[in-house]
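Remarks on the structure that follows.
The values are calculated or read from the model by the stated rules, or taken from the named source; none is laboratory data. None of the values given here were measured: they were computed from a predicted structure. No Cβ is skipped: glycine too gets one built from the backbone with ideal geometry, and neighbour counts run over all protein chains shown. Areas reflect the complete protein model, heavy atoms only, side chains present, ligands, DNA and RNA absent. Shrake-Rupley method; radii C 1.70, N 1.55, O 1.52, S 1.80 Å.
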Amino acid sequence: MNLELNALINGELINNGDWLEIISPINNKPYGRVPALKEKEINEAFKWARQSQKEWSNLTLFERISYLQKWAKLLESHKTELAKIMAHEIGKSLKDGQVEVERSIEYIDYTIEEAKRVFPETLTGDGWNIKNKLGIFSRVPKGVILAISPFNYPVNLSIAKIVPSLVVGNTVVFKPATNGSLTGLYMAKLAFEVGFPKGVFNVVTGRGRDIGDLLVLNPEIDVISFTGSVAVGNHIRKLGHGKYLVLELGGKDPALVLKDADLTKAVKEIVAGAYAYSGQRCTAVKRVLVDETIADELVKLLKIEVSKLEAGSPLDNKAIIPVIDLKAADFVQGLIDDALVKKATLILGNQRKDNLISATLIDHVTSEMRLAWEEPFGPVLPIIRCKNVEEMITLANKSNFKLQACIFTKDINAALNIANELETGTVNINGRTQRGPDSFPFFGINDSGQGVQGIRETINSVTRFKGLVINY
Ligand code: NAP
Ligand code: G3H
């Protein structure tokens, strides 16, 4: 056992004597442990978050910013440790882990700048013959924010919820994914060193299936910001908590490759988009819809590039790393096996040792195969050959996941027309699907989520208008 970290409740680093082992995807052995909190501690976290909120929001913006800047400095000076923990508990390469911390620090800077520009709207009465009214509409914090994050970006997707909430005067209860909890609690330890006022920032750990409903149904919550799977997201939607809800869920992002595409560019973007972090990204390219007249050439070029992706340990910065656990690997394997049994063509990969699956490329995938529709969250890319652009659009729109899509073509008019037809959150032209830069609004619809994240958008979701009308 390497690492044991405490939860953060009301400014104290605590545990309750019950522990949850964190199993490393590198060797499927325990890497550390975090508190398995129960109802008592969870209710305490919300109680203190509520009690401290008014005082926190009464600080000046610049006072709140100074705490966040100190935290950002500590995250920066501990990025090597954070990357090491991420490598062990979620299998992210050391290099990518450091990038994730750097990206998140940039996010904090950006959020701080944006928070300085949250100005009230001032309106004069100008209807019903009313002229003698001056309305000032300010944004005020909603109160207590519950942030629940997934395993795959334990720093970035947490910071993206916590910092916009805190900067405008909310308090936060943050629950990281179990694999991701050590990273979350390490960030909490750094926040403890900053010395945020008691109760303002709380981090609770425990298995989602054990404490999820307790968290979501706590009456102190004003906003729930959740990122994770569609199954858990839909469960939260249905719980009837009546809270404002922002959901970032799964994806099945298609890459549409048209006849006239620059194939060298398309291949480079698709490979990076599909296989980075072994495909464990909501925005990964998860299916290729290609014009059948260029499919052979595209597959040939993809094979060359995918064969360069070495599988191994995140500690050696390998491109393909073990997926999060054996269950996830079995799921990916199930999708591959189903496609191959139904006569898809294996171009490359399908080598497996425990939860390390080599980069897998499968051609001639059809609508009858699960791989055409389900999100693998693993290093496997299906190629679906299409007769024409209309078929590509139909298949792209048929998925219930609607996060992003990308189109590769030299014909910008065609790209714009297709983008118009695609029912999805965001369309990328001649570039892979991607959340970043984090300053862009980020959103999915249907099974991919509800609400919008970003910088200004997240600030808007954790604040509400408060009006003041001066009659003169
Ligand atoms: P997950 O299994 O849904 O878990 C997400 C979070 O929810 C974890 O903190 C988990 O805790 C918690 N949780 C589990 N059951 C819960 C319950 N009943 N109530 C409340 N919370 C509960 O997802 P994941 O495997 O970590 O992440 C992968 C999924 O997230 C993929 O589908 C991916 O596409 C999606 N994702 C989406 C975005 C986006 O921005 N759209 C970004 C990243 C990931 P435990 O870990 O303790 O179970
Ligand atoms: O997994 C979801 C992340 O938000 C993806 O972010 O597209 O920048 O890798 P990314």
Check your understanding: Has the stretch 322-342 got at least one residue that is assigned to a strand (DSSP E or B) and either open to solvent by 10 Å² or more (accessible area, probe 1.4 Å) or free of Cβ contacts under 8 Å to residues at least 12 places away in the same chain (or both)?
Key -> no
Review point. Of the residues GLY425, GLY431, GLY467, which is under 30 Å from LYS54 (Cα atoms) and at pLDDT 95 or above?
Key: GLY467
Revision key, fill the gap. Expected output for the stretch 200-229 (first residue touching a residue at least 60 places away in the same chain (Cβ under 8 Å) and over 19 Å from TRP19 (Cα atoms), partner open to solvent by 50 Å² or more (accessible area, probe 1.4 Å) and within 16 Å of ligand 2 (Cβ to nearest atom), Cβ below 9 Å, 6+ apart or cross-chain) is PHE226/VAL232
Exercise for review: Scan the stretch 372-396 for residues that are assigned to a helix (DSSP H, G or I) and either at pLDDT below 95 or within 15 Å of ALA255 (Cβ to Cβ) (or both) and jot them down.
Suggested key: ALA372, VAL389, GLU391, MET392, ILE393, LEU395, ALA396
Practice item. Filter the stretch 219-253 down to residues that are away from ligand 2 (no atom under 16 Å from the Cβ) and open to solvent by less than 10 Å² (accessible area, probe 1.4 Å), then give me how many there are. Key: 4
Review point. Out of GLN450, GLN404, which single residue is surrounded by fewer than 20 Cβ atoms within 10 Å (Cβ to Cβ) and within 11 Å of ligand 1 (Cβ to nearest atom)?
Key: GLN450
Revision key, fill the gap. Only unsatisfied item for THR264, checking (1) farther than 30 Å from GLU297 by Cβ; (2) of a type in the set (Val, Ile, Thr); (3) open to solvent by 30 Å² or more (accessible area, probe 1.4 Å), is (1)
Exercise for review: Name every residue in the stretch 16-40 that is buried (at least 18 other Cβ atoms within 10 Å of the Cβ) and assigned to a loop (DSSP other than H, G, I, E, B), in order of residue number.
Suggested key: SER24, PRO25, ILE26, ALA36, LEU37
**Study point:** Sole residue being more than 16 Å from ligand 1 (Cβ to nearest atom), in contact (Cβ under 8 Å) with a residue 12 or more places away in the chain and either on the phi > 0 side of the Ramachandran plot or outside any loop (DSSP other than H, G, I, E, B) (or both), chosen from GLU100, GLU76
**Key:** GLU76
**Study point:** Any hit, the stretch 134-147, residues being within 16 Å of ligand 2 (Cβ to nearest atom) and either over 25 Å from LYS466 (Cα atoms) or in contact (Cβ under 8 Å) with a residue 60 or more places away in the chain (or both)
**Key:** yes
Check your understanding: Mind checking which residues of the stretch 419-444 are open to solvent by 70 Å² or more (accessible area, probe 1.4 Å) and away from ligand 2 (no atom under 15 Å from the Cβ)?
Key -> ASN420, GLU421, GLU423
Review point. Does at least one position in the stretch 203-218 carry a residue that is within 9 Å of ligand 1 (Cβ to nearest atom), of a type in the set (Val, Ile, Thr), open to solvent by 10 Å² or more (accessible area, probe 1.4 Å) and on the phi < 0 side of the Ramachandran plot?
Key: no
